[in-house]
Amino acid sequence: MDPSSFLVSGGWQNAAVLTIILAFAGYLVTFLGNRVAARRADRLRLVNQRLNQFYGPLYVATIAGNIAYNSLLSKQGKTQCHPIRDEDLKEWVLWMTTIFMPLNNVREKIIIENAHLIVEEQMPQCLLDFVTHVVGYKALLSLWAEGDYTERRSMIGWPAEFDGYVERSYQGLKAEQTRLLHNIFWRFWRRLVRR
């Protein structure tokens, strides 16, 4: 037997083994890439759902409520609504029933019906406090409907951390959405362009 036939035969074997290794490596890279892309798509879907059904509407209603509240205070020449003076009562009741409570009801509905979309594992206390605050005003508005204006504000105060929580959560999700929408090459290009 000619020894050179072994070398030729071995060369073909090496090429076949190398082809198999490269094919497997290509399959593995494709498989892992698809898994990463699927996870990214799932995460983006969840972020979009949280923004569209919970934090986005909650954020818009909160900003609108704050603008309206500050407009009322400005109109009355005050920096805070309490105490509600007798001369401000009629206007306070009007704004409360036509502007603030409808916005509160929208936010309460968002929280109750979409609580499964909160970012945290546990329900944030400020959201529970907000719902309780709204319930207090519902009782108060029932008294007002009967002509009893002895109480002018809900016994359950506005949760101070509510606005900050809503804004931080919304902005955090928007940043994550932007990051998920743009792949690594786009982010690299943006960094190059900014320099």
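Values computed for the structure shown
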item	result
Test for Asp2: is it of a type in the set (Asp, Glu), over 19 Å from the mean Cα position of the chain (by Cα), at pLDDT 80 or above and over 24 Å from Tyr170 (Cβ atoms)	no
Residue in segment 94-108 that is without any contact (Cβ under 8 Å) to a residue 40 or more places away in the chain and farther than 30 Å from Gln49 by Cα present	yes
Condition met for Trp158 (under 26 Å from the mean Cα position of the chain (by Cα), surrounded by fewer than 11 Cβ atoms within 10 Å (Cβ to Cβ) and at pLDDT below 95)	no
Evaluation of Asp88 against (1) over 19 Å from the mean Cα position of the chain (by Cα); (2) touching a residue at least 24 places away in the same chain (Cβ under 8 Å); (3) crowded, with 16+ Cβ neighbours inside 10 Å (one fails), failing number	(2)
Criterion violated by Ser142 - all others in (1) touching a residue at least 12 places away in the same chain (Cβ under 8 Å); (2) part of a helix (DSSP H, G or I) satisfied	(1)
Where Arg190 falls short, out of the listed (1) more than 24 Å from Ser71 (Cβ to Cβ); (2) of a type in the set (D, E, K, R); (3) modelled with pLDDT under 95; (4) surrounded by 13 or more Cβ atoms within 10 Å (Cβ to Cβ)	(4)
Residue count, segment 91-114 (criterion: charged (D, E, K, R), surrounded by 14 or more Cβ atoms within 10 Å (Cβ to Cβ) and more than 15 Å from Val135 (Cβ to Cβ))	0
Selection within segment 51-82 - closer than 19 Å to Gly172 by Cβ and either of a type in the set (Val, Ile, Thr) or not in a helix (DSSP H, G or I) (or both)	Val60, Thr62, Ile63
Scan of segment 117-127 for residues that are part of a helix (DSSP H, G or I) and either surrounded by 13 or more Cβ atoms within 10 Å (Cβ to Cβ) or modelled with pLDDT under 95 (or both), ordered by number	Leu117, Cys126, Leu127
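The values are calculated or read from the model by the stated rules, or taken from the named source; none is laboratory data. Quantities reported herein were computed from a predicted structural model and do not represent experimental measurements. Glycine gets a Cβ as well: all are built from the backbone with ideal geometry, and neighbour counts include every protein chain shown.
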